[in-house]
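Undergrad: Below is one structure. I have some questions about it.
The values are calculated or read from the model by the stated rules, or taken from the named source; none is laboratory data. Since the model is a prediction, treat every value here as computed from it, not as a measurement. Cβ coordinates were reconstructed from backbone atoms using ideal geometry, including for glycine residues, and neighbour counts include every protein chain displayed. Accessible surface is based on the protein model in full, side chains and every heavy atom, while ligands, DNA and RNA are left aside. Shrake-Rupley method; radii C 1.70, N 1.55, O 1.52, S 1.80 Å.
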Amino acid sequence: EKGNYDHFMLKEINEQPGVIRNIISKYFNNYEINLNPSLIKSINNSSRIYILAAGTSMHAGLVGKRLLEQLTNKPVEVHIASEFAYYRPILDTNPFFILISQSGETADLRACLTYLRSNKYKTLTITNVITSTLAREADYALEIYAGPEIAVASTKAYIAQISVLAILAYELSAKDFDLKLELSKVAQAIENFLADTENLQALVSKYFKKEHAFYIGRGIDYATALEAALKLKEISYIHTEGFAAGELKHGTIALIEDGTPVIALISDETINLNTRSNLHEVKSRGAIPIIVTLESLKQKGDDIILDDVHPLLTPLVMVVPTQLISYYAALNLGFDIDKPRNLAKSVTVE
Ligand code: M6R
């Protein structure tokens, strides 16, 4: 089942361009989008969207918040499911809830859904398993069509969740760009990057043996930094954190030692120079600076360069090198990549 790959995780990372193309074919009918009109109406009628999820799916939710807010102007809040289940924020008068879950079985989300249903709030589950409990019990369900994800570390499901959130946000918007085309450019950009990862592998072999590592980013790159850090610690057991790049100097910089890898994610012109200057600060304290950026923002000496894509879709390409950094770091350290210690694919206890 792993085909030519040594691990499911590597196979699933490489499936990502195909997953995006599959999602396009499932959701676009030429230029019409196949989404239940009653779902669209229900979201349009709401005053605020609440996204609930755990782990990687919560990180996809952070990207979803940006897509929905930018394209619909509706306020969106993202909450960790296990927190929302018992400590609820003050809810808007007419809330709409989006639950994101690869498995559709996460207990923390089931606890949220029990509360939401008993209060008759409208709910949508975005999931890879359309027959799952969360899909069956919500008012609406959208499938992400990633195909079975076997590795415990989620990769292609994250890409698929964001792609479906983009389609949903777009359907709710004025549609003033061609999302179908932009998503297919993302698939191509990921494919181009995956075609040659030797440079990335060499970087990982050289630097990712330390006790700690940090990802930094601003804006939407901060969301990617959180996901990247989760993925690295989950399978390589290197203690990794994702930080808002500007926060480093407010404390974390104290942790920087000689040789600590600090990976800066830069996908936005507005913050390009600020994040670079934050990276410079850690470099002068001994860190190994690594830059992941886009073709249009690159400077001489940058480490990992990705093709440009639509500004709202950059998280889909920026995350891919971070998935591979985790994969190769765990591989070099000799750990069980597809089944990391202490973890299950689906967390069915609260
Ligand atoms: O099935 P779900 O998407 O609800 O699972 C949520 C998390 O348990 C999951 O994303 C977890 O964080 C992954 N192992 C991360 O790679």
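Undergrad: For a quick size check, give me the Cα extents of region 233-350 along its three principal axes, largest first, whole Å.
TA: Extents along the principal axes: 42, 36, 31 Å.
Undergrad: With the Cα gyration tensor of region 115-256 giving a ≥ b ≥ c as the square roots of its eigenvalues, does the rule (a/c under 1.5 for rounded; else a/b larger than b/c for prolate; else oblate) give rounded, prolate or oblate?
TA: Numbers: a/c = 1.81, a/b = 1.53, b/c = 1.18.
Prolate, since a/c reaches 1.5 and a/b exceeds b/c.
Undergrad: Run the numbers for residue 175 and residue 26: contour at 0.36 nm per residue of separation, minus the present Cα-Cα distance, in nm. Spell out each step's value before the answer.
TA: Details: separation 149, 0.36 × 149 = 53.64 nm, distance 1.85 nm.
Between residue 175 and residue 26, full extension yields 51.8 nm more.
Undergrad: Using a Cα-Cα cut-off of under 26 Å, which lysines could be cross-linked to residue 185, ignoring same-chain neighbours fewer than 8 residues away?
TA: The reachable lysines, counting only those whose Cα sits under 26 Å from residue 185, are 11, 26, 65, 156, 175, 231, 298, 300.
Undergrad: Is it possible to state the helix-based mean residue ellipticity at 222 nm for the chain, with each DSSP H run of 4+ residues giving -39500 (n - 2.57), the sum divided by total residues, to the nearest 500 deg cm²/dmol? What is it?
TA: On the way: 13 runs with 160 residues, N = 350.
Calculated from helices alone, the mean residue ellipticity at 222 nm is -14500 deg cm²/dmol.
Undergrad: Another one. Can you tell me, using C-alpha contacts under 8 Å and at least 6 residues apart, the relative contact order of the chain as a whole percent? Walk me through the numbers before you get to the answer.
TA: Working: 652 pairs, mean separation 67.3, N = 350.
The normalised contact order for the chain reaches 19 percent.
Undergrad: Could you compute how fast region 86-153 diffuses translationally, taking Rh as the Kirkwood radius over C-alpha pairs and applying Stokes-Einstein at 25 °C with viscosity 0.890 mPa s? Give it in µm² per second.
TA: Values: Rh = 12.5 Å.
Here the translational diffusion coefficient equals 196 µm²/s.
Undergrad: Could you check how many percent of all C-alpha pairs in the chain are farther apart than 24 Å?
TA: Details: 33285 of 61075 pairs.
Of the Cα pairs, 54 percent sit more than 24 Å apart.
Undergrad: Once both labels are modelled 7 Å past Cα along the beta-carbon direction, what's the residue 296-residue 83 spacing in nm?
TA: According to this spin-label approximation, the distance is 3.3 nm.
Undergrad: Let a ≥ b ≥ c be the square roots of the eigenvalues of the Cα gyration tensor of region 180-258; is it rounded (a/c under 1.5), or, if not, prolate (a/b larger than b/c) or oblate?
TA: Oblate is the answer for region 180-258, as a/c is 1.5 or above yet b/c matches or exceeds a/b.
Undergrad: Go ahead and run the numbers for FRET between residue 195 and residue 281, Cβ-Cβ distance against an R0 of 41 Å, rounding to 0.05.
TA: Values: r = 34 Å, r/R0 = 0.83.
About 0.75, to the nearest 0.05.
Undergrad: Ranked highest first by average number of other Cβ atoms within 10 Å, how do 250-261, 112-123 line up? Write out the running numbers ahead of the final one.
TA: On the way: 250-261: 14.4, 112-123: 16.2.
Result, highest mean first: 112-123, 250-261.
Undergrad: Here's another thing I want to ask about it. Accessible area per residue of region 172-298 at 1.4 Å probe, in Å²?
TA: 43 Å²
Undergrad: Could you give each residue of region 274-279 its phi-based ³J(HN,Hα) in whole Hz, using Karplus coefficients 6.51, -1.76, 1.60 with θ = phi - 60°, and x for Gly or Pro?
TA: Result, rounded to whole Hz: 4, 5, 4, 6, 4, 5.
Undergrad: Turning to a different aspect of this structure: Using r as the Cβ-Cβ distance of residue 93 and residue 211, and R0 as 51 Å, what FRET efficiency do you calculate, to the nearest 0.05? Mind showing how you got there, number by number?
TA: Working: r = 49 Å, r/R0 = 0.96.
E between residue 93 and residue 211, to the nearest 0.05, is 0.55.
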